[in-house]
1. Cross-link list Lys138/Lys237; Lys237/Lys352; Lys273/Lys345; Lys273/Lys293: which exceed 25 angstrom alpha carbon to alpha carbon?
2. Could you name the lysines in cross-link range of Lys193, using Cα to Cα under 18 Å and dropping any fewer than eight places away on the same chain?
3. Order of 216-225, 256-265 by packing, highest average Cβ count within 10 Å first?
4. Enumerate by residue number the chymotrypsin sites (Phe, Trp or Tyr not before Pro) in region 312-390 meeting two conditions: DSSP loop (anything except H, G, I, E, B), and at most 11 other Cβ atoms within 10 Å of the site's Cβ.
5. When the accessible area of region 324-384 is computed with all protein chains present and a 1.4 Å probe, what percentage of it is carbon and sulfur?
6. Can you bin region 314-383 into rounded, prolate or oblate? Criterion: square roots of the alpha carbon gyration tensor eigenvalues sorted a ≥ b ≥ c, rounded for a/c under 1.5, prolate for a/b above b/c, oblate for the rest.
7. List the trypsin sites (Lys or Arg not before Pro) within region 348-384 that fall in a DSSP loop (any state other than H, G, I, E or B) and whose Cβ has at most 15 other Cβ atoms within 10 Å.
Amino acid sequence: MDNLDKDLRFELSHWLSQLGINSQPADGLSTSLMVLACLLLAGLAYFIVRRGVVRAMNLVIQRSKVTWDDIFMRHRVLEKLAMLVPALVLNLLIPIALTEHKLLAGLVDRLLSIWLVVLLIRAAYSALDAVNEVADVKLISRRLPVKSFVQLIKLFLFFVAIIISISVLANQSPVYFLSGLGVATGLVMLVFKDTILGFVAGIQLAANRMVSTGDWIQMDKYGADGAVEEVSLTTVKVRNWDKTITMIPAYALVSDAFRNWRGMSESGGRRIKRSVNIDINSIRFLTEEDRKKLEKINLLKEYLPKKIHEITESNAKVSDIEMPVNGRRLTNVGTFRAYLLEYLKHHDKVHKEMTLMVRQLAPTTEGLPIELYIFTNDTRWAYYEDIQSDIFDHIFAILPQFDLRAFQGPTGNDIRSLKDNGAGANKPT
């Protein structure tokens, strides 16, 4: 290397002498010209790579049928890698040009080495951002917290770059500084507690598929009720249905309880579990007139004859059947339940392959609950609410057809009405 530098300087000095410039091989003019030549070579190398190689590769990418390479091009990964070429050229040639200036050569060499590290990290960051976007496009982020891993790798590369840069400036091996990290482990764990907890939580979330981008989660402790927009290294971003944003620590999803509605969305059915309370005083046996009226209801035309035949056969073996307590009788609430079951079976918005049940719950002080346990075949929130409302609109409207009343506590008007009636009854005639 030294012989090459001396030969170059001698040839340069001889060339300057022919031009009438008095120059010695070791003077500053020769050094400046050699540095200038190194800069020109580095610029030429960058121009060739940037305008030739990178542009040609971008043209190939634009014509390819795959989409992931377009994302890398949009993040300018190749352009940032091209910046390494002039840095490498200068890193090789500048020490040769500055052989006669040992101190300056050492300083410039170290600065160029740090510049190379910065350029490498910069290109790696762009590539990682591209990988994260590819994962979003390919929906890989719904299964794995790719952004969390990308952020962790970036953090690791940042510390590696810092250690290498310090070691270059101090002219020490990176192992020397890495060994010193053991002393500061406690401090590092304290400062980056959320990051460490978030990373561990991210692995658990990914391994168990607990939450992914696009899931609807509900976590009352943090006021979250909406769709997951982003799963990062330390936080989970949730856009609530009222358009507010809630940021949940990633480790909270592992340590605390939350509800994920993904299963409902993937199943294609959303549950309705709601009751209508029947006034117990309105429950009674059906009369012959009631049966004739109800037989005209299309959804009961199959049920009633079959049920009447079954009850008639059962009662034929019973003596004193005229007494209501002897034998079996049809009730208006039982017929109402049978009607609801047929109504739901014929409803085009009720999922027929999931649980479909109309059941009677234990009576309470608010009446007899008749509960619908069904699933809609549309899981979208607004449509689900419309379907549920339509079903119960119909239920409340047809209660009088079965001579049933929905239970309702007395209102202020009811109390005033009783008071007025009482006052009218006590008025002297």
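1. Numbers: Lys138/Lys237 20 Å; Lys237/Lys352 36 Å; Lys273/Lys345 16 Å; Lys273/Lys293 30 Å.
From Lys138/Lys237; Lys237/Lys352; Lys273/Lys345; Lys273/Lys293, over 25 Å: Lys237/Lys352; Lys273/Lys293.
2. The reachable lysines, counting only those whose Cα sits under 18 Å from Lys193, are Lys154.
3. Values: 216-225: 16.3, 256-265: 14.3.
Ranked from most to least packed, the peptides come out as 216-225, 256-265.
4. Here no loop site has a sparse enough neighbourhood.
5. Working: 1660 of 3200 Å².
After summing per-atom areas, the C and S share lands at 52 percent.
6. Working: a/c = 4.11, a/b = 2.21, b/c = 1.86.
It is prolate, given that a/c is not under 1.5 and a/b is the larger ratio.
7. Values: sites: Lys349, Lys352, Arg359, Arg380; in loops: Lys349, Lys352, Arg380.
Listed in order of number, the matching sites are Lys352, Arg380.
The values are calculated or read from the model by the stated rules, or taken from the named source; none is laboratory data. Since we're looking at a predicted model, the values are computed, not measured. We place every Cβ from the backbone using ideal geometry, glycine too, and count neighbours over all the protein chains shown. The protein model used for the area step is the full one, side chains on, heavy atoms only, and it has no ligands, DNA or RNA in it. Shrake-Rupley method; radii C 1.70, N 1.55, O 1.52, S 1.80 Å.
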